[in-house]
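Written out below as structure tokens is the structure these notes cover.
All of the numbers you see were taken from the coordinates with simple rules; none came from a lab. All values reported here derive from a predicted model rather than from experimental measurement. Cβ placement follows ideal geometry from the backbone for every residue including glycine, while neighbour counts extend to all protein chains displayed.
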Amino acid sequence: MTEHSAQVAELLAGYRRSRDQLAEAQRELAAVTESASSAEGLVTATVNARGVLTGLVIADEAYQRYRPAELAREIVRVSAAATVRALRGAADVLAPALPDGTDPQALLLGTGDLAATEVTAMGAAAAAAAADDDESLEDQSWLEEAR
């Protein structure tokens with residue numbers, strides 16, 4: 001085997017190991033679910049690794065105990081608590097597959113290596129762009145602008 005062939009074989013083997021590790025991480029992520037319940041146990045929310053609500057149990061007593069708005073807030077609260085737990089679990093699964101120094105929590109939240117100020121600035125810029133898009137289109141003709 002030539003030196004070049006050996007290098008190619010080594011690269012392919014490394015690629016296959018990385019791919020197998022990624023596939024295993026995906027399987028583990030798919031299995032991550034977390035639940036949280038209200039203090040009285042009347043509301044329980046279950047979410048997956050991405051924080052998507054996959055189950056919601058509301059005890060009959062909750063309808064007597066809470067007004068509709070209060071029940072809605074309790075559902076949101078326990079869903080958020082379950083999401084925090086699920087993201088921690090997902091981060092634990094991802095950490096070994098990521099390069100050193102990569103924050104798995106930031107990756108899962110979509111912020112990557114951005115500082116909090118950069119994320120806030122991006123949000124403000126998106127809000128400003130949305131506000132610009134809301135200007136009235138009444139009494140405008142696209143044909144006249146083209147001339």
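Structure above, values below:
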{"quantity": "Order of S18, S79 under a 10 Å beta carbon neighbour criterion, fewest first", "calculated": "S18, S79"}
{"quantity": "Phi to ³J(HN,Hα) by Karplus 6.51 cos²θ - 1.76 cosθ + 1.60 over segment 17-31, Hz, x for Gly, Pro", "calculated": "4, 4, 5, 5, 5, 5, 4, 5, 4, 5, 4, 5, 5, 5, 8"}
{"quantity": "Largest-first principal axis extents, alpha carbons of segment 1-78, Å", "calculated": "77, 16, 15"}
{"quantity": "Rg and Dmax of segment 41-95, Cα atoms only, in Å", "calculated": "12.8, 44"}
{"quantity": "In Hz, Karplus ³J(HN,Hα) per residue of segment 74-79 (6.51, -1.76, 1.60; θ = phi - 60°; x = Gly, Pro)", "calculated": "5, 4, 5, 5, 6, 5"}
